There are 2 protein chains.
Amino acid sequence: MCQLLGMNCNVPTDICFSFEGFSARGGKTDHHSDGWGIAFFEGKGCRIFLDAKPSIDSPIADFVRCYPIHSTHVIAHIRKATQGEVALENCHPFRRELWGRYWVFAHNGNLPDFQPPIQSFYQAVGHTDSEKAFCLILETLRQSFPEGKPSLEKLYPVLQQVTKTLAAIGVFNYLLSDGEHFFTHCSTNLSYIVRQAPFAAAHLIDQDMTVDFNELTTPSDRVAVIATTPLTDNEVWTPIQPGELLVFQDGLPLRHIFN
Amino acid sequence: MCQLLGMNCNVPTDICFSFEGFSARGGKTDHHSDGWGIAFFEGKGCRIFLDAKPSIDSPIADFVRCYPIHSTHVIAHIRKATQGEVALENCHPFRRELWGRYWVFAHNGNLPDFQPPIQSFYQAVGHTDSEKAFCLILETLRQSFPEGKPSLEKLYPVLQQVTKTLAAIGVFNYLLSDGEHFFTHCSTNLSYIVRQAPFAAAHLIDQDMTVDFNELTTPSDRVAVIATTPLTDNEVWTPIQPGELLVFQDGLPLRHIFN
């Protein structure tokens with residue numbers, strides 16, 4: 001299995017603190033050492049850093065830990081290979097273009113014997129079940145809305161339906177974003193925390209490191225952090241329920257819209 | 001206008017020396033300071049580093065200059081904005097998936113008033129003529145060969161035709177690769193050099209820096225470097241002819257096949 005880390009904010013924020021603890025799980029505090037990756041949206045633009053090396057040994061991960069990139073939508077992943085060899089093309093997150101926007105996807109879980117038919121639009125480059133599932137999701141969205149991105153209210157049930165179909169095959173926790181909306185699906189393990197004023201100090205589980213967000217933020221900032229398991233030991237994380245597809249925007253879960 | 005740098009080799013090679021001189025043109029020895037990017041293929045996998053900052057001020061460019069990434073197909077670009085604001089989504093190289101492979105593209109030139117109709121498969125995310133031209137090229141290849149990547153002999157004339165159509169609109173120097181073949185089109189300025197045994201020392205134009213490739217290579221290595229203008233002052237670079245679409249594979253131009 002792998003581990004997921006996501007961030008969605010109302011103002012561009014760096015993820016250095018969370019990534020510090022998260023990337024330690026790539027071979028130091030945990031055994032997810034078959035590669036890693038992180039995607040940052042900046043407006044419609046998107047940059048992805050990937051490496052097939054364990055995140056604790058990767059010079060690129062060192063760089064990302066130290067260089068604050070400010071983004072409103074971040075998706076990170078550390079890999080423990082189940083399907084597909086250890087190779088760059090099998091590292092998450094994956095990216096494709098749909099409706100003139102980049103879509104980015106990372107998966108934690110395993111879809112055994114998943115062999116979808118060849119899609120019309122999207123084909124996997126690597127050999128993971130995850131990339132194939134991502135292609136099927138985008139294909140479904142594209143064919144359902146050929147004219148362009150619909151409202152979230154129309155998109156949500158279609159995404160929910162294809163997610164349910166895939167989650168019936170195996171464990172399917174995922175993070176998915178187009179830089180506008182941030183979708184999270186929990187199959188087994190996914191939790192989140194929303195940090196907003198009044199801000200306090202947070203202490204990492206995987207490193208003895210504390211940050212006082214009060215010193216780094218303004219009162220209107222709001223940041224949601226989503227992770228396979230909580231990253232801090234002095235804050236209350238909310239588990240996303242198994243089977244739940246939760247959408248974040250501007251650092252807030254949009255629970256009220258869909259329940 | 002912008003500047004292009006490409007590398008195609010028979011064994012994975014790092015581009016640190018060439019990128020050192022090339023990236024100096026992003027605001028130091030030349031005025032291409034509206035962003036930069038570089039793509040590295042590693043097998044079917046591909047990683048891209050992008051920044052909207054000038055390459056001489058970019059911590060990510062610093063990292064790429066110092067960290068040797070070994071690749072057989074590299075495409076780099078420094079940008080002087082003509083169409084599209086200075087923003088991450090307008091930085092080259094661009095990437096899309098076609099036939100289960102990543103395709104990467106960078107353009108030097110300008111296609112004035114280029115407004116292609118909306119494509120079925122590929123849409124631009126940013127606002128450059130370059131990304132629109134890339135989408136049109138991939139759309140044309142995809143519709144011509146819906147079953148998958150054809151032989152180079154079949155692909156070449158289709159690519160040549162769509163390239164001609166685009167080059168009739170304006171200046172259209174480009175580098176394009178899927179990690180297997182490396183296509184270069186010269187509209188006005190593009191030169192290359194093939195380095196192979198016996199290797200010698202090379203001295204950069206843009207920095208006082210010399211590398212003796214004899215110390216870094218094995219006798220069977222072969223590396224083609226392609227650039228808008230020559231990067232070294234003690235080697236003989238071959239200009240690609242205006243109107244020529246030249247394909248490289250394993251560090252060699254495949255002139256004999258298509259002439």
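Observations on the model:
- Residues that are under 28 Å from A:Arg96 (Cβ atoms), crowded, with 16+ Cβ neighbours inside 10 Å and in contact with a Leu (Cβ under 8 Å, 6 or more places away or on another chain) are absent from region B:201-211 altogether.
- Qualifying position, being more than 13 Å from every other protein chain (Cβ to nearest Cβ), buried (at least 22 other Cβ atoms within 10 Å of the Cβ) and hydroxyl-bearing (Ser, Thr, Tyr), among B:Thr29, B:Thr13: B:Thr13
- Among the residues of region B:176-221, those identified as touching a His at 6+ places or on another chain (Cβ under 7 Å), at pLDDT 95 or above and outside any loop (DSSP other than H, G, I, E, B) are B:Ser177, B:Phe182.
- Taken together, the criteria exclude A:Gly21 from residues that are over 16 Å from the mean Cα position of the chain (by Cα), farther than 20 Å from B:Arg47 by Cβ and not aliphatic (A, V, I, L, M).
- Reported count of residues in region A:19-65, each being within 21 Å of B:Pro59 (Cα to Cα) and of a type in the set (S, T, N, Q), is 3.
- Looking only at residues of region B:124-134 that are away from chain A (no Cβ under 12 Å) and of a type outside the set (S, T, N, Q), we find that the one that is surrounded by the fewest Cβ atoms within 10 Å (Cβ to Cβ) is B:Asp129.
- Where strands (runs of 3 or more DSSP E) sit wholly within region B:36-123, those with at least 3 residues that are within 11 Å of another protein chain (Cβ to nearest Cβ) occupy B:36-42, B:45-51, B:94-98, B:101-110.
- Here A:Val74, A:Val64, A:Val104 are screened, and the one residue that is surrounded by 20 or more Cβ atoms within 10 Å (Cβ to Cβ), in contact with a strand residue (DSSP E or B) (Cβ under 6 Å, 6 or more places away or on another chain) and modelled with pLDDT under 90 is A:Val64.
The values are calculated or read from the model by the stated rules, or taken from the named source; none is laboratory data. Given the structure is predicted, the values throughout are model-derived calculations rather than measurements. Here Cβ is always computed from backbone atoms with ideal geometry, including for glycine, and neighbour counts include all displayed protein chains.
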